[in-house]
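Just below is one structure, and these are the notes that go with it.
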Amino acid sequence: MDFRSHGGSRARLLGCVATIALGSWAFAAHAEKREFNLTIDEVTINVAPGFNANVFAFNGQVPGPLIHVREGDDVTVHVTNNTTLPHTIHWHGVNQTGTWMSDGVPLVTQKQVEPGSEFTYHWTADRPGSLWYHCHVNVWEHVAIRGMWGPLIVDPKNPSALEKSVTRDVIMMMNTWESPFGPTYGKGGSPGDVADYFSVNAKSFPLSQPIRVKKGEVLRFRMYGAGDEVHEMHLHGHDQLFSHKDGYAMASPYYVDTVPVGPGERYDTIVQMNNPGRFIFHDHVDRHLNMGGMLGGPITVLEYEGVGPDNWYAWNGKAYDPDFFYSESMKKGYGMFTNVSFIGTAQKSERRARQ
Amino acid sequence: MDFRSHGGSRARLLGCVATIALGSWAFAAHAEKREFNLTIDEVTINVAPGFNANVFAFNGQVPGPLIHVREGDDVTVHVTNNTTLPHTIHWHGVNQTGTWMSDGVPLVTQKQVEPGSEFTYHWTADRPGSLWYHCHVNVWEHVAIRGMWGPLIVDPKNPSALEKSVTRDVIMMMNTWESPFGPTYGKGGSPGDVADYFSVNAKSFPLSQPIRVKKGEVLRFRMYGAGDEVHEMHLHGHDQLFSHKDGYAMASPYYVDTVPVGPGERYDTIVQMNNPGRFIFHDHVDRHLNMGGMLGGPITVLEYEGVGPDNWYAWNGKAYDPDFFYSESMKKGYGMFTNVSFIGTAQKSERRARQ
Amino acid sequence: MDFRSHGGSRARLLGCVATIALGSWAFAAHAEKREFNLTIDEVTINVAPGFNANVFAFNGQVPGPLIHVREGDDVTVHVTNNTTLPHTIHWHGVNQTGTWMSDGVPLVTQKQVEPGSEFTYHWTADRPGSLWYHCHVNVWEHVAIRGMWGPLIVDPKNPSALEKSVTRDVIMMMNTWESPFGPTYGKGGSPGDVADYFSVNAKSFPLSQPIRVKKGEVLRFRMYGAGDEVHEMHLHGHDQLFSHKDGYAMASPYYVDTVPVGPGERYDTIVQMNNPGRFIFHDHVDRHLNMGGMLGGPITVLEYEGVGPDNWYAWNGKAYDPDFFYSESMKKGYGMFTNVSFIGTAQKSERRARQ
């Protein structure tokens, strides 16, 4: 199976509907019907030098493919579980107005999706913002250490002036890993277990990527607590305006330099690129940067155009993936978008062999 | 001793006083004198299937009885220590204006209350909001894993329009437990010890309770970090307005879907019940839901009237306690209120045998 | 080497300049040139009864000397590494406008400063507030458990009315320690390691200090997450106005009683001293107060003039250091200020012997 060939290509726009009315809640014109396919597969990803994790991947990748829709859109997602354990998908931040049975909570809103089974979710994008999707079965394993999460960005129908000022989106999903359980599905995530690898978008420095910028750009960092610890995200050299919490616009935005992104939470900050140089953006939980005594963890660097090169720079001459933080995918309009560099290596399992 | 027979019944209203003046601080009419009795006893409670904890219980229950007073009230609490270890009570959030020796801090404001001794606290309710009371002796054991806490709700003299819109209060006190030390008083709560059970109002799912609601209600969730870890409380399907921090009204409330409730903190959110269905409200720290590989931890479910039943629903047909989150007690006006379902089993100890 | 003799005395004011222009950013008159010298040395400090830590100390002390400048000042710091391991200094909160190569990040903005080497940082104080400086090499050890941090306070050019109301500054830097690694440089701070001592300004109660106040004072608490865990700082008896996050003024300040100070973060609160008594101010993470079963950790007490003495008070008759929270140093105007009581005992090492 070649994950590269399906991903976003299955998203179909089914046309414009005049009005979608759900209970007392209604949107004006331009809502679209969007339909996506997600598989869940057992693949192996390389998180850090010397550490591979067996994950449950959405369309073969961790984090999962970007799903980008507009407030009011009517969304259908067909999910196929190709793994050896049960799953569901919760659309974290969607209120499921009138559609509670698509909320994805096992034994509360649905039965779990067994290995080899399919399930279809159908909901309206009733809340804008930095939302996400993740499994809701045995979350201490599936979410915390098996990578079952991806970004769901819902654009507002009426963006604010601040939102309109943004020229580039940067999606950062931080999480934790437990290397002793990396190879073994069905294990890990117990209270006494020790997380020993930490990453952004499932890569630990130096496998993560820089962000190449030009003076004058305005970045919107969308930070997700996808794992099981708090990540204190500290950007050097710039004023970060904390603008959105969990997708909601702050009533009174304020500036910060270090953002406490806890499990399940999202913090958006909007930042002017006004200070040419090379500035690190990293987790300030010190031990999250300790990869066996070497620097690792959730780290990126703002690299301004025209600065360097310097032969002593850790990432001097590094091959650059401009979509590592989904920035390119976010420019492509609405739909679902594969991120080729996040795709892992498929495993040969009995379940997958049957496909 | 039958804890069911005393609890709130000892609260006495001693009449209205025209004005209470303490230093430069004064309230207008209608302040009441209120007098309560609290015992501290060694009882055993069932926290989760297969896990009982020996606790120091206020009036035999964990969490302790609701104390509900009004801003400006003059409060006297007589405390009797029936246990084998010393204690005090700190009234967390009461400023103790003019009464610092009732602040309940051992060796700072008073000597600790020894086994078999009594102590009387006397203070004015000088701050409204979601306050609480808890022991201040050896907090790493008594507060973190022995259940020495209860809610103290102080109604404001002049509630805001937002506060007046609330139709039901829901009090949620989250904490952590260390099962190896469950049986043994005087042990536990050391830095390297591992918390392995997690609960709301001292019950881990499935022993916790749902919240049965009707469309149109307005709930005020009063969330307490009573234990020793952060609980990331995520409500599905609804916009939560974060309205009060530590009892104080936010200057500029904002919406959230996941609330980081840390040790000692309180977060109030006000939520419109506008989306019929069945929606989980749970801690998003993944491992807090891992009870030996089974789903457990701080979990409740909003069950709307008219939804279900479904035979696959985890709580289908569950016996319902409408006061599990103190909602019924909060409707009863001012006083102290026993919650029968929180009462544990009294132990036979030398100290208690002497009573 | 006598650390007491150099500290702040090397700070030189080099005169007033009319305008400093860096890129598009400029300040009006009164910016000053300030020049400081910092050494990094291997010394031993006493953190708690029975626990000494080997640290990398700035000018021989932990926390480091106060650096106090004004927004717009032009700052030069000469750093000498007298230790056996490499370091850098990051000026956390300084944006390094136009001076990114003084940001202090090894292999991103500079090569690390090797043992026996010197490095000069030069930057403008482009952001006011509660900033700090700390090492950026192997932070899980150097920052988390070797004390490489100190306060950098930048006064705003145009203070607000709220800021002007303050009569005293109180700087509190909380962190964690790992006693098994206390003696051994180059070890500690790995993900599974257990922090077992906790402190404010590198002292655990009872070695920390009270704050002696008079009614009518207005205190500004500047709380720093200098270590690797969240400290939930709970002040008793007073309304804390949360006014600044990471040095930035809050757009809409709000009141709190328990403040979640995470790694890398700073929270300022402004508090009226209006309630005479003795009130504890402590970390509400319970196990942070557990020092082998005895009360310890990040604790201070507000002692109002005229209250006590009481022979049962834990700190009755304690020798008082009014500069333990840098309050005296903060009154001395601008410059760098040694805090004699923070100075450790110099070690005899090969490196130091060469000096």
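The values are calculated or read from the model by the stated rules, or taken from the named source; none is laboratory data. Predicted model only: the values in this text are computed from it and were never measured. Virtual Cβ from ideal backbone geometry, glycine too; neighbours counted across all protein chains shown. Side chains included, ligands, DNA and RNA excluded: accessible areas come from the protein's heavy atoms. Shrake-Rupley method; radii C 1.70, N 1.55, O 1.52, S 1.80 Å.
Could you tell me the relative contact order of the stretch C:245-355? Use alpha-carbon pairs under 8 Å, at least six residues apart, and round to a whole percent. Spell out each step's value before the answer.
Numbers: 64 pairs, mean separation 17.0, N = 111.
It comes to 15 percent, rounded to a whole number.
Quick one: how many Å² of residue C:160 are accessible to a 1.4 Å probe, rounded to 10?
50 Å²
Of the heavy-atom accessible surface of the protein assembly as shown (probe 1.4 angstrom), what whole percent is carbon and sulfur?
Carbon and sulfur atoms account for 51 percent of the accessible area of the protein assembly as shown.
Counting alpha carbon pairs within less than 8 Å and at least 6 residues apart, what relative contact order, in whole percent, applies to chain B?
Computed value for chain B: 19 percent relative contact order.
Report the full-extension gain for the segment residue B:214 to residue B:332: residue separation times 0.36 nm, less the Cα-Cα distance, to one decimal in nm.
Details: separation 118, 0.36 × 118 = 42.48 nm, distance 2.03 nm.
That works out to 40.5 nm of additional length.
Tell me, Kirkwood radius of the stretch A:182-302 from alpha-carbon pair distances, in Å?
15.4 Å
Taking every residue in B:305-313, how many Cβ atoms of other protein chains lie within 10 Å of its Cβ, on average? Don't skip to the answer; put the middle values down first.
Values: counts 0, 0, 2, 0, 0, 6, 0, 6, 5.
Taking all residues of B:305-313 together, the mean is 2.
Between C:107, C:152, C:302, find the one with the highest GNM mean-square fluctuation for chain C; connect C-alpha pairs within less than 10 Å.
Answer for the Gaussian network model of chain C: C:107.
For the stretch A:106-255, list log₁₀ I(q)/I(0) at each q in 0.12, 0.13, 0.15 Å⁻¹, using the Debye formula over Cα point scatterers of equal strength and ignoring solvent, two decimals each.
Log10 of I(q)/I(0), two decimals: -0.66, -0.76, -0.97.
Mind checking B:129-140 for the average number of partner chain beta-carbons within 10 Å of each residue's beta-carbon?
Mean shielding count: 3.
Taking amide hydrogens as modeled 1.01 Å from N in the peptide plane, which residues meet the under 5 Å criterion relative to residue C:73, leaving out close sequence neighbours?
The list, which skips near neighbours in sequence, is C:32, C:125.
How do A:127-138, A:250-261, B:321-332, B:304-315 rank on mean C-beta neighbours within 10 Å, highest first?
On the way: A:127-138: 24.6, A:250-261: 21.2, B:321-332: 19.0, B:304-315: 14.4.
My ranking of the peptides, most packed first, is A:127-138, A:250-261, B:321-332, B:304-315.
With +1 on each Lys and Arg Cβ and -1 on each Asp and Glu Cβ, how big is the dipole of the stretch B:143-274 about its Cα centre, in debye rounded to the nearest 20? Intermediate values should be presented prior to the final figure.
Working: 13 positive and 15 negative charges, 116 e Å.
Once rounded to the nearest 20, the dipole reads 560 debye.
For residue C:240, list long-range residues whose amide hydrogen, built 1.01 Å from N in the peptide plane, is under 5 Å from its own amide hydrogen.
Amide H neighbours of residue C:240: C:256.
Springs between alpha-carbon atoms under 10 Å, Gaussian network over chain A: tell me which of A:292, A:216, A:237 tops the mean-square fluctuations.
Highest fluctuation among the options: A:292.
I need the phi-derived Karplus couplings for the stretch B:91-108: 6.51 cos²θ - 1.76 cosθ + 1.60, θ = phi - 60°, integer Hz, Gly and Pro marked x.
9, 5, x, 6, 7, 6, 4, x, 9, 4, 6, 9, 7, x, 9, x, 6, 10
Restricting the count to DSSP beta bridges whose residues both fall in the stretch B:152-265, what percent are antiparallel, rounded to a multiple of 5?
Working: 14 of 21 bridges.
The answer is about 65 percent antiparallel.
Debye calculation, C-alpha points only, no solvent: report log10 I(q)/I(0) for the protein assembly as shown at q = 0.05 Å⁻¹, in the same order as the q values.
-0.30
Can you give me the long-range amide H partners of residue B:283? Hydrogens built in the peptide plane at 1.01 Å from N, cutoff under 5 Å, separation of 5 or more residues or another chain.
B:234
Any idea how far the Cα center of the stretch B:137-209 sits from the one of the stretch A:235-313, in Å?
Using only Cα atoms, the two centres lie 34 Å from each other.
Chains B and A: how much accessible area gets covered up at their contact, both sides added, probe 1.4 Å, in Å² to the nearest hundred?
Numbers: alone 14410 and 14370 Å², together 25520 Å².
That pair of chains buries around 3300 Å² in total.
One-quarter of the Cα convex hull surface for the stretch C:54-174, in nm²?
Over every viewing direction, the Cα hull of the stretch C:54-174 projects on average to 7.7 nm².
Using a label point 7 Å beyond Cα on the Cα-Cβ vector, give me the inter-copy distances for residue B:293 in nanometres, one decimal, shortest first.
Here the equivalent label points are 3.6, 3.6 nm apart from this one.
Using a 1.4 angstrom probe with every protein chain in place, what is the largest-first accessible-area order of A:163, B:42?
Sorted by accessible area, descending: A:163, B:42.
Looking at the stretch A:29-73, I'd like the Rg to Rh ratio, where Rg is from alpha-carbon atoms and Rh is Kirkwood's inverse mean 1/r. Provide the component values of the computation, followed by the final result.
Values: Rg = 15.2 Å, Rh = 12.7 Å.
Answer for the stretch A:29-73: 1.20.
Do the sum for chain C: with -39,500 (n - 2.57) for every DSSP H run of n ≥ 4, divided by all residues, what is the mean residue ellipticity at 222 nm, to the nearest 500 deg cm²/dmol?
My calculation for chain C gives -500 deg cm²/dmol from helical runs alone.
Please report the residue of chain A with the smallest beta-carbon distance to the A-to-C rotation axis, and give that distance in Å, no decimals.
Reported as residue, whole Å: A:252, 2.
To the nearest 10 square angstrom, how much accessible area does residue B:162 have with a 1.4 angstrom probe?
60 Å²
For B:85-94, what's the mean count of beta carbons from other chains sitting within 10 Å of each residue's beta carbon?
2
From largest accessible area down, sort A:194, B:218; use a 1.4 Å probe on the protein chains. Walk me through the numbers before you get to the answer.
Numbers: A:194 65, B:218 10 Å².
Per-residue accessible area, sorted high to low, gives A:194, B:218.
Kindly give Rg over Rh for the stretch C:235-319, based on alpha-carbon atoms, with the Kirkwood expression for the hydrodynamic radius.
That ratio is 1.02, to two decimals.
Can you check what the net charge comes to around residue A:196, using other residues whose Cβ is under 12 Å from the Cβ of residue A:196 (Lys, Arg +1; Asp, Glu -1)? Spell out each step's value before the answer.
On the way: positive: A:287; negative: A:178, A:193, A:229, C:193.
Net charge in that neighbourhood comes out at -3.
Divide, for the stretch C:38-105, the radius of gyration over alpha carbons by 2.2 N^0.38 Å, where N is the residue count.
Ratio of Rg to 2.2 N^0.38 Å for the stretch C:38-105: 1.32.
Could you provide, to the nearest whole Å², the per residue accessible area of chain B with probe 1.4 Å?
31 Å²
Quick check on the protein assembly as shown: of the DSSP beta bridges with both residues there, what percent are antiparallel, nearest 5%? Show your work: numbers first, answer last.
Values: 222 of 291 bridges.
Looking only at bridges with both residues in the protein assembly as shown, the antiparallel portion is about 75 percent.
For the stretch B:280-335, rounded, prolate or oblate, judged on the Cα gyration tensor with a ≥ b ≥ c (square roots of eigenvalues), a/c < 1.5 rounded, else prolate if a/b > b/c?
Oblate, since a/c reaches 1.5 and b/c is not below a/b.
With the radius of gyration and the Kirkwood radius both derived from the Cα set of chain C, what is their ratio Rg to Rh?
Details: Rg = 19.6 Å, Rh = 20.6 Å.
On the Cα set of chain C, Rg over Rh gives 0.95.
With both partners inside chain C, how many of the DSSP beta bridges are antiparallel, as a percent to the nearest 5?
That works out to approximately 75 percent antiparallel.
How many nanometers, to one decimal and shortest first, lie between the label point of residue A:50 and those of its other copies, if labels sit 7 Å from Cα toward Cβ?
Those label-point separations list as 3.6, 3.6 nm.
Starting from the eigenvalues of the Cα gyration tensor, five times each then square-rooted, give me the equivalent ellipsoid semi-axes of the stretch B:170-226, largest first, whole Å.
Here the semi-axes work out to 31, 12, 8 Å.
Give me the net charge for the shell around residue A:56: Cβ to Cβ below 11 angstrom, other residues only, Lys and Arg +1, Asp and Glu -1.
So the surrounding residues net to -2.
Read phi for every residue in the stretch B:150-157 and hand back ³J(HN,Hα) as whole Hz from Karplus 6.51 cos²θ - 1.76 cosθ + 1.60, θ = phi - 60°, with x for Gly and Pro.
Working through the residues one at a time gives x, x, 10, 9, 10, 6, x, 5 Hz.
Just add up the charged neighbours of residue A:237: K/R +1, D/E -1, any other residue whose Cβ is under 11 Å from the Cβ of residue A:237.
So the surrounding residues net to -2.
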